[in-house]
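Worksheet: one structure, shown below.
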Amino acid sequence: FNLNGEGSGTIEDHQISIKASVYQETDEELIPIKLTPVDNTIYDLRKAKSMKNSDGYDVSLILDHNKDGLASTVYSEASGIKMSVRTDQPALQFYSAKGNNMIGKAQHHYGAFSGFCLETQGYVDAVNHKEYPSILLYPKEEYHHFVGYKFDIVK
């Protein structure tokens with residue numbers, strides 16, 4: 001996503017909040033090694049913060065669920081667009097596209113921080129961590145989960 005629109009530059013002015021007190025800390029190969037509190041880290045997004053971060057974001061956050069399922073909100077003052085994400089999934093992957101370098105739709109160049117992803121999911125690498133909730137689906141089992149993206153004009 002880029003709430004400022006196609007080919008409009010970076011997402012660094014976007015404000016994001018994510019309802020998560022814990023993230024999946026990873027090793028140098030981005031393999032999860034443990035659950036870590038977000039306190040005093042760049043991943044503490046419980047209060048709205050700018051997406052501007054020179055290291056970028058590529059992190060799985062474990063959501064603090066509540067009745068309404070609200071996981072995240074993102075706002076762009078430039079466009080006045082606010083996006084809300086609701087889910088019943090336990091985790092949210094936040095990626096800020098630091099490594100982007102491509103030509104896209106209408107021949108626009110999409111460089112670093114030209115968009116972001118918010119992907120609802122189970123715990124990353126859960127099959128290798130017995131302490132994480134299972135993500136396995138067995139024959140004849142059904143998989144039902146919810147994600148909703150809502151867009152509002154605020155200004």
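Laboratory data are not the source of any read-out in this text; all were calculated from the coordinates shown. Predicted, not measured: the structure shown is a model, and the values here were computed from it. All Cβ positions, even for glycine, are placed from backbone atoms using ideal geometry, and neighbour counts span all protein chains on display.
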Toy charge model, Lys and Arg Cβ at +1, Asp and Glu Cβ at -1: segment 15-153 dipole around Cα centroid in debye, rounded to 20, equals 540 debye
Phi-derived 3J(HN,Hα) across segment 57-64 with the Karplus relation (6.51, -1.76, 1.60, θ = phi - 60°), rounded Hz, x for Gly and Pro, is 10, 8, 9, 9, 9, 8, 6, 8
Put in order of increasing Cβ neighbours within 10 Å, starting from the fewest, Leu3, Leu30 give Leu30, Leu3
Out of Pro90, Ser134, Ser50 - ranked by how far each Cα lies towards the positive end of the dipole of the chain, with unit charges on the beta-carbon of charged residues - the top one is Ser50
Flagged as over-length at 19 Å C-alpha distance, from Lys19/Lys98; Lys19/Lys130; Lys52/Lys150; Lys47/Lys82; Lys52/Lys105, the pairs are Lys19/Lys98; Lys19/Lys130; Lys52/Lys150; Lys52/Lys105
Computed on Cα atoms, the radius of gyration and Dmax of segment 1-142 in angstrom are 16.1, 48
Residue-ordered couplings for segment 139-155, obtained by feeding phi - 60° into the Karplus form 6.51 cos²θ - 1.76 cosθ + 1.60 and rounding to whole Hz (Gly and Pro as x), are x, 6, 7, 10, 10, 10, 9, 10, 9, x, 10, 10, 10, 10, 9, 9, 8
